[in-house]
Amino acid sequence: MSDNIGGHFFEFLNWLLNPFHGLKTTEVYDLIGTTTLTEHALYLNLGYWRESQNIDEASEALALLVAKRGGMGAGDVVLDCGYGFGDQDLLWMRRMKPAKIIGLNITRSQVARARRSVADAGLEQSIDLREGSATEMPIADASVDLVVSLESAFHYRSREEFFREACRVLRPGGRLVTADIVPTTKSANPFTRLEQWISWNLVAGKFNIPPENTYLIPTYSDKLSRAGFVNIDIESIRDEVYAPLHDYLSKDRSFVDKLPPVAKLMAISAFNRPAESVYCGLDYILSYAEKPAKGTLMTASTNSTA
């Protein structure tokens, strides 16, 4: 084992197993690198499993769900915040055919890889992937039609700043869609409540979810409203995300063999527990909101199945 590979291996183990060892968001994704569960792309999302048979299909289905919820279509200028390796942008350009996609991502290694994929597809003129922050967007006021954030808004410091920036860059009547992770409502059962606390904090600690982003669906809706959005709709889709993903990975554990030994043991332990136990502290939401146009009445609704 070379010094470089060995150093990466032990840094991965230290991050994974040491509860006191945290990393910045960029460091987390640099550490993960291109190690994804998908076989034919580099999606990093958990997938939408209503009609999907494998992780590739589910990851693509989630990206399309976000796009369709936002009404993405011809003529739209889309801003994708936290675009990962850019696979969703390539998919959206092929399937939804917006006029232009601009991307913002703070992880330099992902930016470089995503730009190569766009270049290889010959789509540099229509997909502009940039290194930049979703909370300090280098984007002009009222210049985009749709802002999307697919499994990244929980990282932002803070999500509220992202909401305000999204409202600023959207044209009147523009839309914001997020696929996001928030905590579940606390159970009345103290043992379940402890399990929820452990479940949430394991994820929040390892994937750098700041305390200021730890709130439930009603607060999420309120923060969107305070940022200036109207026609807010938030739906929990956790039943189409966590349990089927857990079932799929439990049946086909081939990827577990790629993990370091201790991480492998932890993964096997998780798969031997029911999904509701492993993910009991995590809700998963699809959120939609609009920047008001003249004469728009403010409405908000939430749908939580958690």
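For the condition at pLDDT below 60 and assigned to a loop (DSSP other than H, G, I, E, B), what is the one hit in 21, 40?
21
Within the set of pairs 6 or more residues apart or between chains, which connect a residue that is without any contact (Cβ under 8 Å) to a residue 40 or more places away in the chain and under 11 Å from residue 168 (Cα atoms) inside the range 128-151 to a residue that is polar (S, T, N, Q) and in a loop (DSSP other than H, G, I, E, B) with Cβ atoms less than 6 Å apart?
Once the first residue is without any contact (Cβ under 8 Å) to a residue 40 or more places away in the chain and under 11 Å from residue 168 (Cα atoms) and sits in the range 128-151, no partner that is polar (S, T, N, Q) and in a loop (DSSP other than H, G, I, E, B) comes close enough.
Tell me, yes or no, whether the range 147-168 has at least one residue that is farther than 14 Å from residue 289 by Cα, of a type in the set (Val, Ile, Thr) and touching a strand residue (DSSP E or B) at 6+ places or on another chain (Cβ under 7 Å).
The answer is no, given that none of the residues of the range 147-168 is farther than 14 Å from residue 289 by Cα, of a type in the set (Val, Ile, Thr) and touching a strand residue (DSSP E or B) at 6+ places or on another chain (Cβ under 7 Å).
Given (1) hydrophobic (A, V, I, L, M, F, W, C); (2) in contact with a helix residue (DSSP H, G or I) (Cβ under 9 Å, 6 or more places away or on another chain); (3) touching a residue at least 12 places away in the same chain (Cβ under 8 Å), where does residue 204 come up short, assuming only one miss?
(3)
From the residues in the range 216-275 that are of a type in the set (Phe, Trp, Tyr) and not in a loop (DSSP other than H, G, I, E, B), which one is modelled with the highest pLDDT?
Selected residue: 220.
Tally up the residues in the range 144-179 that are of a type in the set (S, T, N, Q), modelled with pLDDT under 95 and either crowded, with 24+ Cβ neighbours inside 10 Å or closer than 19 Å to residue 91 by Cβ (or both), please.
Residues meeting the conditions: 1.
Do you know which residues across the range 86-104 are closer than 13 Å to residue 152 by Cβ and open to solvent by 10 Å² or more (accessible area, probe 1.4 Å)?
Once the filter is applied, which keeps residues that are closer than 13 Å to residue 152 by Cβ and open to solvent by 10 Å² or more (accessible area, probe 1.4 Å), the range 86-104 yields only 88.
Which of the residues spanning the range 204-215 are open to solvent by less than 40 Å² (accessible area, probe 1.4 Å) and either part of a loop (DSSP other than H, G, I, E, B) or closer than 23 Å to residue 63 by Cβ (or both)?
Those that are open to solvent by less than 40 Å² (accessible area, probe 1.4 Å) and either part of a loop (DSSP other than H, G, I, E, B) or closer than 23 Å to residue 63 by Cβ (or both): 208, 209, 210, 213, 215.
Please count how many residues of the range 117-168 are out of contact with any helix residue (DSSP H, G or I) (no Cβ under 6 Å at 6 or more places or on another chain), in a strand (DSSP E or B) and under 13 Å from residue 86 (Cα atoms).
So the count comes out to 3.
Only one of 193, 130 is touching a Ser or Thr at 6+ places or on another chain (Cβ under 8 Å) and farther than 21 Å from residue 229 by Cα. Can you tell me which?
Only one candidate qualifies: 193.
The values are calculated or read from the model by the stated rules, or taken from the named source; none is laboratory data. Because the structure is predicted, anything quoted here is derived from the model rather than measured. All Cβ positions, even for glycine, are placed from backbone atoms using ideal geometry, and neighbour counts span all protein chains on display. Only protein heavy atoms, including side chains, enter the accessible area calculation; ligands, DNA and RNA are left aside. Shrake-Rupley method; radii C 1.70, N 1.55, O 1.52, S 1.80 Å.
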